[in-house]
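Undergrad: This is the structure, below, for whatever I ask next.
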Amino acid sequence: MTIWYDERGAGEPVVLLHSTAADSGMWDAQEEALADRFRVIKVDFRGYGHTPYRSDGPYSDAGDVAKVLAAIGVSRAALVGSSGGGRVALELAAAGLAGRLVLLNPLSTLEPTPDLRAYWQEENRLLEEGDVQGAAELNARTLLGPDAGREAWDKVVAMQRHAFEVQLAADPEPEQVEGEFSPAGIEVPALVVAGGRDLPCFRESARHLAAELPQARLLELEWAGHLPALERPEEINALLLDYL
């Protein structure tokens with residue numbers, strides 16, 4: 001199995017882990033801003049961006065990223081995760097691979113709420129009808145906050161549509177598994193960011209996770225939707241540079 005990754009810059013390693021509504025392209029602005037001071041690594045999960053969607057057995061995104069880091073000689077890094085990428089970051093942190101964490105609107109251990117289930121149901125309905133473009137636009141419409149411009153909208157739609165097409169074409173579909181972890185046992189500094197214009201489920205998830213992690217600080221951005229790195233990239237660049 002081949003996992004695509006890219007790296008730029010030199011210094012302490014920083015790993016950027018994308019949302020499952022995007023791919024590593026969501027971090028283009030952050031990669032450029034951070035590379036002057038850090039060794040910046042970004043990875044495409046299976047079925048996203050440049051990485052194909054296949055497997056000879058059960059796999060996990062965290063396991064794939066851990067193998068990439070081992071192959072390029074990184075034993076510990078700052079991990080920046082967006083949404084589902086935040087869970088990957090937490091699994092890697094539980095395995096001892098994180099020096100610190102930045103989690104943007106991450107999923108926590110809370111059960112999905114009705115607002116999130118309704119969004120997923122509509123996405124599934126559109127995909128079952130063969131409306132891949134409509135499903136991709138649903139994601140952009142639901143997840144991007146009001147400050148997102150046309151470029152961010154087009155980018156999310158393109159990334160999400162590509163992921164849908166690759167994953168729907170897989171036969172057989174790979175078996176993905178998630179690792180178990182306890183946030184209370186992750187003893188590294190963490191910045192948890194919650195978007196004030198995100199779905200209620202994600203806002204509550206971020207607050208809950210910040211309360212569970214022993215060394216976490218919660219930052220609420222009233223202007224932000226679910227993907228603030230695309231909505232106000234320069235502001236997120238400054239936030240990351242300051243924290244890291």
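Undergrad: Quick check for me: using +1 on Lys/Arg Cβ and -1 on Asp/Glu Cβ, what's the dipole size of the chain about its Cα centre, in debye to the nearest 20?
TA: Taking the Cα centre of the chain as origin, the dipole is about 560 debye.
Undergrad: What are the GluC sites (Glu not before Pro) within the stretch 116-181 that DSSP puts in a loop, where the Cβ has at most 14 other Cβ atoms within 10 Å?
TA: Hits after loop and neighbour filter: GLU129, GLU175, GLU178, GLU180.
Undergrad: Shifting gears a bit: Net charge within 14 Å of ALA10 by Cβ-Cβ distance, Lys/Arg positive one each and Asp/Glu negative one each, not counting ALA10 itself?
TA: Charge balance near ALA10 sits at -1.
Undergrad: Another question about this same structure. What accessible area per residue comes out for the chain, rounded to a whole number of Å², with a 1.4 Å probe?
TA: Averaged over the residues of the chain, the accessible area is 44 Å².
Undergrad: Carbon and sulfur together cover what percent of the accessible area of the chain at a 1.4 Å probe radius?
TA: Within the chain, the accessible surface is 46 percent carbon and sulfur.
Undergrad: While we're on this one: State the answer as a single residue: which of TRP223, ALA184, PRO172 lies farthest towards the positive end of the charge dipole of the stretch 160-244, with beta carbon charges of +1 for Lys and Arg and -1 for Asp and Glu, about the Cα centre.
TA: After comparing all options, I get TRP223.
Undergrad: So what's the net charge close to ARG197: Lys and Arg +1, Asp and Glu -1, counting the other residues with Cβ under 10 Å from its Cβ?
TA: After counting each charged neighbour, the total is -3.
Undergrad: While we're looking at this one, here's another question. Which percentage, to the nearest 5, of the DSSP beta bridges contained in the chain is antiparallel?
TA: DSSP beta bridges in the chain are roughly 15 percent antiparallel.
The values are calculated or read from the model by the stated rules, or taken from the named source; none is laboratory data. Computed from a predicted structure; not experimentally measured. All Cβ positions, even for glycine, are placed from backbone atoms using ideal geometry, and neighbour counts span all protein chains on display. Only protein heavy atoms, including side chains, enter the accessible area calculation; ligands, DNA and RNA are left aside. Shrake-Rupley method; radii C 1.70, N 1.55, O 1.52, S 1.80 Å.
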